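Q: Dropping the structure in here first, questions after.
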């Protein structure tokens, strides 16, 4: 009979082989570009041949894998690094700064992201008698977890569907449900369960985050937001910061500045109009906060971004 060490060696060997298979699949589908938005709903594949500068953005509820190379994500003062051994789980919409830190033409960064609907997470919890997750963790809405063989194999089967798109409508939801299950019973499952549990404090904060995301240009009242979450103002502020690493006002500010940047870059809006569009009344305050967040005034920043893509 094989002993425990032998079984562990077999599993490790299987994990390496499966990650190699997943790496080959992502490399094939990203051979002609850095981003491949696939026919599988919510699934995107990525490739970069060199490290990148820090870039701001918003991560949606999702799981991200880097099967080759590594990526660093900054959330407030917290830093998360994920690679072939660790996935990144995001359970609410979070404004972040992201940077690929390990990539080369010989070994490009290869990764994927699968967005998920928290309603599907809740439904799976209702339908299933789930075992307890393996461990608990902090209250942040973002965490890294250990990549398992079962999780990698599920993603291999999900990407394999791209070879026959007729199978996607039937089989993709089944595999995505399996992936959510693997996350719920994994080492970061408690975080996801809290967000998806009706009436929990985390879900109430998630609803407030959803409101802020849709109404970032409006003036906000902490008392009204707290009332929406059925919490006192101080309790709401504490739980919001615990989940997002930001205060509600900081969260709103980052959403405003990122949308203003998008308006100037994609829609060629001037800085004054972009500032007004996202809710700023003072152009000087907008310029000051934009410079602090992106490292350059609006005009210089947008000019540099356009030159990068020419």
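Q: Regarding the stretch 161-168, can at least one residue be identified that is over 18 Å from residue 116 (Cα atoms) and surrounded by 21 or more Cβ atoms within 10 Å (Cβ to Cβ)?
A: For the stretch 161-168, residues over 18 Å from residue 116 (Cα atoms) and surrounded by 21 or more Cβ atoms within 10 Å (Cβ to Cβ): absent.
Q: A further question follows. Output the residues belonging to the stretch 208-227 that are part of a helix (DSSP H, G or I), free of Cβ contacts under 8 Å to residues at least 60 places away in the same chain and surrounded by 15 or more Cβ atoms within 10 Å (Cβ to Cβ).
A: Answer for the stretch 208-227, where residues must be part of a helix (DSSP H, G or I), free of Cβ contacts under 8 Å to residues at least 60 places away in the same chain and surrounded by 15 or more Cβ atoms within 10 Å (Cβ to Cβ): 208, 211, 212, 222, 225, 226.
Q: Return the residues of the stretch 21-39 that are surrounded by fewer than 18 Cβ atoms within 10 Å (Cβ to Cβ) and assigned to a loop (DSSP other than H, G, I, E, B); say none if nothing qualifies.
A: 31, 32, 33, 34, 39 - these are the residues of the stretch 21-39 that are surrounded by fewer than 18 Cβ atoms within 10 Å (Cβ to Cβ) and assigned to a loop (DSSP other than H, G, I, E, B).
Q: For the structure I just gave you, tell me whether residue 59 is within 12 Å of the chain's Cα centre (by Cα), closer than 28 Å to residue 203 by Cβ and modelled with pLDDT of 95 or more.
A: no
Q: Can I ask one more? Regarding residue 104, is this residue out of contact with any strand residue (DSSP E or B) (no Cβ under 9 Å at 6 or more places or on another chain) and at pLDDT 95 or above?
A: Criteria met by residue 104.
Q: Name the residues in the stretch 63-75 that are farther than 24 Å from residue 305 by Cβ and at pLDDT below 95, would you?
A: Selection gives nothing.
Q: If you don't mind, another one. Test residue 169 against the stated conditions and say whether it is in the same structural domain as residue 89 (by TED's automatic domain parsing), at pLDDT 95 or above and over 12 Å from residue 191 (Cβ atoms).
A: Answer is yes for this residue.
The values are calculated or read from the model by the stated rules, or taken from the named source; none is laboratory data. Here the structure is a predicted model, which means the values were calculated and not measured. When we count neighbours, we look across all protein chains shown, and the Cβ atoms used for this are built from the backbone with ideal geometry, even at glycine.
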